[in-house]
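Trainee: The structure's right below; bear with me while I get my questions together.
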Amino acid sequence: MSVDPMTYEAQFFGFTPQTCMLRIYIAFQDYLFEVMQAVEQVILKKLDGIPDCDISPVQIRKCTEKFLCFMKGHFDNLFSKMEQLFLQLILRIPSNILLPEDKCKETPYSEEDFQHLQKEIEQLQEKYKTELRTKQALLAELEEQKIVQAKLKQTLTFFDELQNVGRDHGTSDFRESLVSLVQNSRKLQNIRDSVEKESKRLKIS
């Protein structure tokens with residue numbers, strides 16, 4: 001039997017060519033043994049019909065076994081040639097043939113193609129890092145917006161409370177009271193400035 005594993009052929013057939021040839025060999029041997037047994041039975045029946053025959057069944061068995069060894073030797077010789085023919089010309093996939101599932105390997109990649117693919121991988125990795133940094137920046141900005149929104153909510157709540165206080169003291173419009181408060185504050189500041197100036201003048205006098 002051939003020692004070549006023929007794995008590519010096994011991928012196509014689903015079995016190794018050597019296994020196929022071994023099964024054929026065993027089938028031929030079984031058939032040869034069956035034929036010799038049938039021939040032996042026929043000879044024994046013929047001898048039973050011959051009176052005073054000196055040939056015994058033991059002699060017939062020895063002759064049958066001898067003939068079987070002769071036939072087996074010739075068969076092994078012929079089968080060896082047949083196996084070689086089958087494995088080289090029938091059950092072998094030519095080296096220039098690719099199976100459908102291996103068509104992607106038909107065009108080999110050059111060093112330039114490999115460098116191009118390597119560059120694309122590096123670009124994709126850099127793009128991924130950039131998108132990751134952008135995502136982190138957006139998350140940080142979102143957190144800042146949440147803080148600002150919370151402070152704004154607190155401010156609005158404070159103004160609502162001031163407006164409620166203004167209503168409790170007879171002021172219906174919070175905006176008007178706020179404008180009035182600013183105006184009064186400016187007047188008080190002007191009065192304070194005038195007092196400070198007059199105080200300085202008196203000290204100088």
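Trainee: At a 1.4 Å probe, what is the % contribution of carbon and sulfur to the accessible area of the range 7-100?
Mentor: 64
Trainee: Let me ask something else. So, R0 is 30 Å and r is the distance between the beta-carbons of Glu111 and Lys135; what FRET efficiency does that work out to, to 0.05?
Mentor: Efficiency computed from Cβ-Cβ geometry: 0.25.
Trainee: Find how many whole Å separate the alpha carbon centroid of the range 59-120 from the alpha carbon centroid of the range 1-34.
Mentor: Cα centres, the range 1-34 to the range 59-120: 10 Å.
Trainee: Can you give me the relative contact order of the range 7-100 as a percent, contacts being Cα pairs under 8 Å and 6 or more apart?
Mentor: That works out to 40 percent.
Trainee: If you stretched the chain out fully between Lys62 and Gln11, how much longer would it get, using 0.36 nm times the residue separation minus the C-alpha to C-alpha distance?
Mentor: Answer, rounded to one decimal: 13.7 nm.
Trainee: Sorting check: for 15-25, 45-55, 61-71, which peptide has the highest mean count of neighbouring beta carbons within 10 Å, and how do the rest follow?
Mentor: Ranking the peptides 15-25, 45-55, 61-71 by packing returns 15-25, 61-71, 45-55.
Trainee: With a 1.4 Å probe and every protein chain left in place, work out the accessible area per residue of the range 7-100 in Å², rounded to a whole number.
Mentor: About 74 Å² of surface per residue is accessible.
The values are calculated or read from the model by the stated rules, or taken from the named source; none is laboratory data. Since we're looking at a predicted model, the values are computed, not measured. Positions of Cβ are generated from backbone atoms using ideal geometry, with glycine treated the same way; all protein chains shown enter the neighbour counts. Each accessible area value is taken on the protein alone, full model and side chains, heavy atoms only, with ligands, DNA and RNA left out. Shrake-Rupley method; radii C 1.70, N 1.55, O 1.52, S 1.80 Å.
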